[in-house]
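The values are calculated or read from the model by the stated rules, or taken from the named source; none is laboratory data. Nothing here was measured: the structure is a model prediction, and the numbers come from that model. Cβ: placed from backbone, ideal geometry, glycine included. Neighbour counts: every protein chain shown. All accessible areas refer to the heavy atoms of the entire protein, side chains included, with ligands and DNA or RNA removed. Shrake-Rupley method; radii C 1.70, N 1.55, O 1.52, S 1.80 Å.
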Amino acid sequence: MAASCVAVLVMAASLLLLLLVLWKRWRRGRADWHVIIVVLGDVGRSPRMQYHALSFVKSGFSVTLMGFCNSRPYDELLQNNRIQIVSLTELPKLAVGPHIFQYGVKVVFQSVYLLWKLMCREPAAYIFLQNPPGLPAIAVCWLVGCLCASKLVIDWHNYGYSIMGLVHGSSHPLVLLAKWYEKLCGRLSHLNLCVTNSMREDLAQNWGIKAVTVYDKPASFFKETPLGLQHQLFMKLSCTYSAFKACSEPLDPDTERSAFTERDPQSGVVTHLRGRPALLVSSTSWTEDEDFSILLAALEKFEQLILDGESLPSLVCVITGSADLGVCLHKSSSGLDLPMKVVDMFGCCLPVCAVNFQCLHELVKHDENGLVFEGSEELAAQLQMLFSAFPDPTGKLSQFRQNLRESEQLRWDESWKQTVLPLVMDT
């Protein structure tokens, strides 16, 4: 009984404070060149929303970026005095009660907390929201928009309910509730952006939501790593990881040598070692929509080919870094979003082998900038084909890299100015 009374008093006090803040904001008015960007997740692992923030600032806006600060955002973001980062507190996981009760408490806490945080900020012309996660953020941001005359813009990266379905199953009551909420509240926005044409069509046909496709593009700092910097990285890694150490000592003791490169002590010129291993890279978020067993099984088959006498190079596999080939194992939970890691790899002119799903063709052009595979057998065959003449400059791998160099890829800033900025200025 006492606990219930305390809860009621806390709620009453919160509502009173909220009314006071609302009155204060109503008297102050809205800042037309201010944007609030909301990420109900880790800001440091939300590159697209960080790019939005930087693009808004370059176009004359001031930005408040709200989200969890579990990992470090880009330095360019931290050093910009027109961007204010507001850290949100994540409710620790409850250790008591059934799962649905824990989830309900989390949603109520996030709703009140996010509402309070938004109302304490300077009113903005736009509230940009990343979805997912959109529960309860869409409804809260819409309410704040109504109270402060801000326009809600939802940036659809995927569907939140489809990600929940990977854990609980598509027919779970929580998943069905999340789908209903997402479909209903998603229609409350003034403007919708999405990451693929496939998602745009699905939003229109099945949700009644009109969206504009804004493809992920690599930021300007994603580019090919010069051989000299690669050598520095390999030498640094060789101090910790034996796979990066040279297999043999150079004749000149002053020569720096890694497993991949060496630097001439007289000229300082860095060259690739003859007979060097190939370097395969794959970044991952370790989520349910990525199946790393495909890569592991393909590597076992690749190793067996070597044992059977195939003329193939040794293969060093890392989770991130400069490389000869990228591998993407991302399978979209909805089949409608694209892996940003491939966007970044292409920005560095790194060819990619990617596991196939519904809209992958919007990014990976098979046999042009990379290859698409269905399973470990096909991936193993692709690795065999790509590395059979490694590092032949006329080989398929080099052709893919050259195609990427010549493609004159549009970078994020240019793409944003062409797609998002006109929409914002028009509304």
Testing Leu184 on (1) open to solvent by 50 Å² or more (accessible area, probe 1.4 Å); (2) outside any helix (DSSP H, G or I), one condition comes back false. Which one is that?
(2)
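When only residues in the stretch 359-387 that are of a type in the set (Asp, Glu), closer than 23 Å to Leu312 by Cβ and free of Cβ contacts under 8 Å to residues at least 40 places away in the same chain count, which is most open to solvent (accessible area, probe 1.4 Å)?
Going residue by residue through the stretch 359-387, those that are of a type in the set (Asp, Glu) are 362, 367-368, 374, 377-378.
Checking which are closer than 23 Å to Leu312 by Cβ leaves us with 367, 374, 377-378.
With free of Cβ contacts under 8 Å to residues at least 40 places away in the same chain added as a condition, the list becomes 367, 374, 378.
Numbers: Asp367: 78, Glu374: 115, Glu378: 76 Å².
Among residues in the stretch 359-387 that are of a type in the set (Asp, Glu), closer than 23 Å to Leu312 by Cβ and free of Cβ contacts under 8 Å to residues at least 40 places away in the same chain, the one most open to solvent (accessible area, probe 1.4 Å) is Glu374.
Every residue in the stretch 392-409 that is among the charged types (D, E, K, R), more than 24 Å from the chain's Cα centre (by Cα) and not in a loop (DSSP other than H, G, I, E, B), please. Before the answer, list the steps.
So in the stretch 392-409, the residues among the charged types (D, E, K, R) come out as 392, 396, 401, 405-406, 408.
Add one more test, that the residue is more than 24 Å from the chain's Cα centre (by Cα), and what stays is 392, 396, 406.
Scanning the stretch 392-409 gives Lys396, Glu406.
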Any chance the stretch 285-298 includes a residue that's under 27 Å from Leu404 (Cα atoms), touching a residue at least 40 places away in the same chain (Cβ under 8 Å) and of a type in the set (Val, Ile, Thr)?
yes
Residues Leu118, Leu152: which one is outside any strand (DSSP E or B) and either crowded, with 17+ Cβ neighbours inside 10 Å or modelled with pLDDT under 95 (or both)?
Leu118
Anything in the stretch 273-294 that is at pLDDT 85 or above and under 23 Å from Gly370 (Cα atoms)? List them, or say none.
Arg276, Pro277, Ala278, Leu279, Leu280, Ile294
Pairs returned, first residue in the stretch 244-262 that is without any contact (Cβ under 8 Å) to a residue 12 or more places away in the chain, second residue that is open to solvent by 20 Å² or more (accessible area, probe 1.4 Å) and not charged (D, E, K, R), beta-carbon separation under 8 angstrom, 6 or more apart or interchain, are Asp254/Pro265; Thr255/Pro265
Of the conditions (1) within 30 Å of Tyr51 (Cβ to Cβ); (2) in a loop (DSSP other than H, G, I, E, B); (3) open to solvent by less than 60 Å² (accessible area, probe 1.4 Å), Glu224 fails just one. Which one is it?
(3)
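For the subset of the stretch 252-262 comprising residues that are in a strand (DSSP E or B) and under 35 Å from the mean Cα position of the chain (by Cα), which member is surrounded by the fewest Cβ atoms within 10 Å (Cβ to Cβ)?
Taking the stretch 252-262 and keeping what is in a strand (DSSP E or B), we get 256-258, 261-262.
Going one step further and asking which of them are under 35 Å from the mean Cα position of the chain (by Cα), we end up with 257-258, 261-262.
On the way: Arg257: 20, Ser258: 22, Thr261: 22, Glu262: 23.
Ranking the candidates gives Arg257 first.
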Where in the stretch 265-355 are the strands (runs of 3 or more DSSP E), entirely inside, with at least 2 residues that are surrounded by 16 or more Cβ atoms within 10 Å (Cβ to Cβ)?
278-281, 315-318, 325-328, 352-355
Filter result for the condition that a residue is among the hydroxyl-bearing types (Ser, Thr, Tyr) and farther than 25 Å from Met199 by Cβ, over Ser415, Ser333, Ser376
Ser376
Mind counting the residues in the stretch 76-133 that are over 30 Å from Pro173 (Cβ atoms) and either touching a residue at least 24 places away in the same chain (Cβ under 8 Å) or out of contact with any Ser or Thr (no Cβ under 7 Å at 6 or more places or on another chain) (or both)?
20
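Restricting to the stretch 50-99, name every residue that is of a type in the set (Lys, Arg), outside any helix (DSSP H, G or I) and farther than 17 Å from Pro133 by Cβ. Please lay out each step first, then the result.
Quick first cut of the stretch 50-99, residues of a type in the set (Lys, Arg) only: 58, 72, 82, 93.
When the remaining residues are screened for being outside any helix (DSSP H, G or I), the result is 72, 82, 93.
The answer is Arg72, Arg82.
Please tell me if Lys236 is touching a helix residue (DSSP H, G or I) at 6+ places or on another chain (Cβ under 9 Å), open to solvent by 50 Å² or more (accessible area, probe 1.4 Å) and assigned to a helix (DSSP H, G or I). First the steps, then the outcome.
Details: touching a helix residue (DSSP H, G or I) at 6+ places or on another chain (Cβ under 9 Å): yes; open to solvent by 50 Å² or more (accessible area, probe 1.4 Å): yes; assigned to a helix (DSSP H, G or I): yes.
Yes: the conditions hold for Lys236.
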Need pairs with beta-carbon distance below 7 Å; first residue touching a residue at least 60 places away in the same chain (Cβ under 8 Å) and within the stretch 196-211, second open to solvent by 60 Å² or more (accessible area, probe 1.4 Å); sequence gap 6+ or separate chains.
Ser198/Gln358
Mind checking which residues of the stretch 388-417 are open to solvent by 50 Å² or more (accessible area, probe 1.4 Å) and within 20 Å of Met340 (Cα to Cα)?
Asn403, Arg405, Ser407, Glu408, Gln409, Leu410, Arg411, Glu414, Lys417
